[in-house]
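One structure is given here, and the rest of the page talks about it.
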Amino acid sequence: MELRQNHSLLGHNTFGMDVRASWFFEYSSEDELLEALPRLERPLLNIGEGSNLLFCGDFRGTVLHCAIRGAEIESTDAETALVRVGAGSNWDSFVEWCISHGLYGAENLSGIPGEVGAAAVQNIGAYGSEACEIIRQVRTVDAESGEIRVFDAAECGYSYRDSIFKRAENKRYIITSVVFALSREWKPILKYKALASEFEGIEPSAEEVRQAVLVMREGKLPDPKVLGNAGSFFVNPLVPASRIGTLSFLYPDMPRFDAGEGMVKLSAAWLIDKAGWKGFQMGRAGVYEHQPLVLVNLGGATGQEILNLANSIINDVYDKFGVELSMEVNRI
Ligand code: EPU
């Protein structure tokens with residue numbers, strides 16, 4: 001157990017914000033967390049690797065970090081293995097572990113920065129897969145009552161980049177482990193266009209899919225160790241199909257995906273790109289040149305500078321297309 005005062009968060013956020021927490025507490029077991037909870041200064045902020053966070057100043061309260069790590073097969077049948085994974089495990093190491101144990105379903109989510117607990121909060125998704133497709137159960141500690149509460153996948157309320165754990169009233173639930181249902185039978189998921197064309201007429205192995213995803217990510221997304229960022233800063237907007245008639249007429253090439261229930265998912269990257277922001281720099285904050293969904297810290301930017309850039313983009317995209325972008329990154 002470690003409790004530190006006035007702790008630097010520089011190594012705990014991929015945007016590279018040089019801010020501090022009044023207290024920082026890292027726990028290696030549920031018991032350690034339960035024992036410490038009554039004594040920790042509020043508010044509490046539970047973080048993973050900080051790969052979806054933007055600190056806009058020092059945090060006055062206690063930042064919690066889970067150091068419960070490792071994966072363990074709990075049960076198997078002919079098709080599926082249930083694997084419990086500590087919330088503090090690195091996501092990509094878990095994906096690698098799955099492939100090396102002949103367990104499938106996570107390979108398209110290769111290379112995503114962050115930890116397993118945060119993946120279950122955000123319902124990370126990429127290259128044709130979403131974490132909720134393999135999540136079976138989420139185990140939490142209720143920071144208010146000090147009780148254990150287990151959520152099955154349906155109770156987590158998963159949808160595109162969303163879960164109940166993102167709501168303010170559910171921040172009390174601190175995820176300690178996640179149970180994944182992985183397939184023992186290999187079947188590639190090639191829904192994402194670029195993957196389908198790369199493997200046209202061949203059946204790739206899981207490792208080949210992983211490598212293809214890693215190469216794609218490398219081409220589009222900046223390495224946070226080189227250029228501070230938190231991946232997609234915005235989510236792809238869902239708008240009623242009835243509202244995009246004029247836009248479709250004006251921009252026949254505009255990407256749009258049927259999202260069901262009369263809704264259409266538009267591409268935030270396309271809107272930002274079309275509005276002319278790709279590669280734009282505003283002081284020390286910038287829009288990444290290969291993927292305009294990603295805002296970058298060009299060196300020494302403050303959270304507020306990144307936020308100012310984000311708000312300018314939101315206003316401009318709204319003025320030009322009448323579509324409201326929302327931020328995916330948590331602002332603290
Ligand atoms: N596009 C442009 N200009 C660009 C880049 C993209 O117009 O410079 C348009 C293209 O039309 C392209 C479309 O945007 O077809 C979609 O691009 P991409 O396939 O890269 O996906 P995305 O919707 O922009 C989402 C996720 C990414 C994930 C990719 C791949 C969100 C918010 N983001 O991006 O997630 O890697 O799909 O599946 O849903 C992340 O969360 O950090 C992240 C990178």
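The values are calculated or read from the model by the stated rules, or taken from the named source; none is laboratory data. Nothing here was measured: the structure is a model prediction, and the numbers come from that model. Here Cβ is always computed from backbone atoms with ideal geometry, including for glycine, and neighbour counts include all displayed protein chains. Each accessible area value is taken on the protein alone, full model and side chains, heavy atoms only, with ligands, DNA and RNA left out. Shrake-Rupley method; radii C 1.70, N 1.55, O 1.52, S 1.80 Å.
Of the residues making up the stretch 260-289, those that are within 11 Å of the ligand (Cβ to nearest atom), part of a strand (DSSP E or B) and crowded, with 19+ Cβ neighbours inside 10 Å number 2.
Taking the listed residues Ala153, Ala168, the one that is out of contact with any His (no Cβ under 7 Å at 6 or more places or on another chain) and open to solvent by less than 40 Å² (accessible area, probe 1.4 Å) is Ala153, with no other qualifying. So which residues in the stretch 131-143 are surrounded by fewer than 18 Cβ atoms within 10 Å (Cβ to Cβ) and over 21 Å from the mean Cα position of the chain (by Cα)? Hit for the stretch 131-143 is Asp142, nothing else.
Within the stretch 14-34, can one find any residue that is open to solvent by less than 70 Å² (accessible area, probe 1.4 Å), free of Cβ contacts under 8 Å to residues at least 40 places away in the same chain and aliphatic (A, V, I, L, M)?
no
Screening Ala212 against (1) within 22 Å of the chain's Cα centre (by Cα); (2) open to solvent by 40 Å² or more (accessible area, probe 1.4 Å); (3) more than 26 Å from Ser159 (Cβ to Cβ) leaves a single unmet condition, (2). Asn236 fulfils the conditions (1) crowded, with 16+ Cβ neighbours inside 10 Å; (2) free of Cβ contacts under 8 Å to residues at least 24 places away in the same chain; (3) near the ligand (Cβ under 9 Å from one of its atoms) except for a single criterion, (2).
Here Ile314 passes the criteria (1) within 16 Å of the ligand (Cβ to nearest atom); (2) open to solvent by less than 40 Å² (accessible area, probe 1.4 Å); (3) part of a loop (DSSP other than H, G, I, E, B) except the one numbered (3). The set of residues in the stretch 69-85 being surrounded by fewer than 23 Cβ atoms within 10 Å (Cβ to Cβ) and in contact (Cβ under 8 Å) with a residue 60 or more places away in the chain consists of Glu74, Thr76, Ala78, Glu79, Thr80, Ala81, Leu82, Arg84. Being more than 20 Å from the chain's Cα centre (by Cα), in a helix (DSSP H, G or I) and either at pLDDT 95 or above or among the basic types (Lys, Arg) (or both) is the requirement here; does Ser248 meet it? The answer is no for Ser248. Within the option set Val294, Val323, being touching a residue at least 60 places away in the same chain (Cβ under 8 Å) and within 12 Å of the ligand (Cβ to nearest atom) holds for one residue only, Val294. Checked against the criterion of being away from the ligand (no atom under 16 Å from the Cβ) and either crowded, with 18+ Cβ neighbours inside 10 Å or of a type in the set (Ser, Thr, Tyr) (or both), the candidates Gly88, Gly102, Gly146 yield just one match: Gly88. If you go through the stretch 179-233 and keep only what is more than 10 Å from the ligand (Cβ to nearest atom) and of a type in the set (Phe, Trp, Tyr), you end up with Phe180, Trp186, Phe199.
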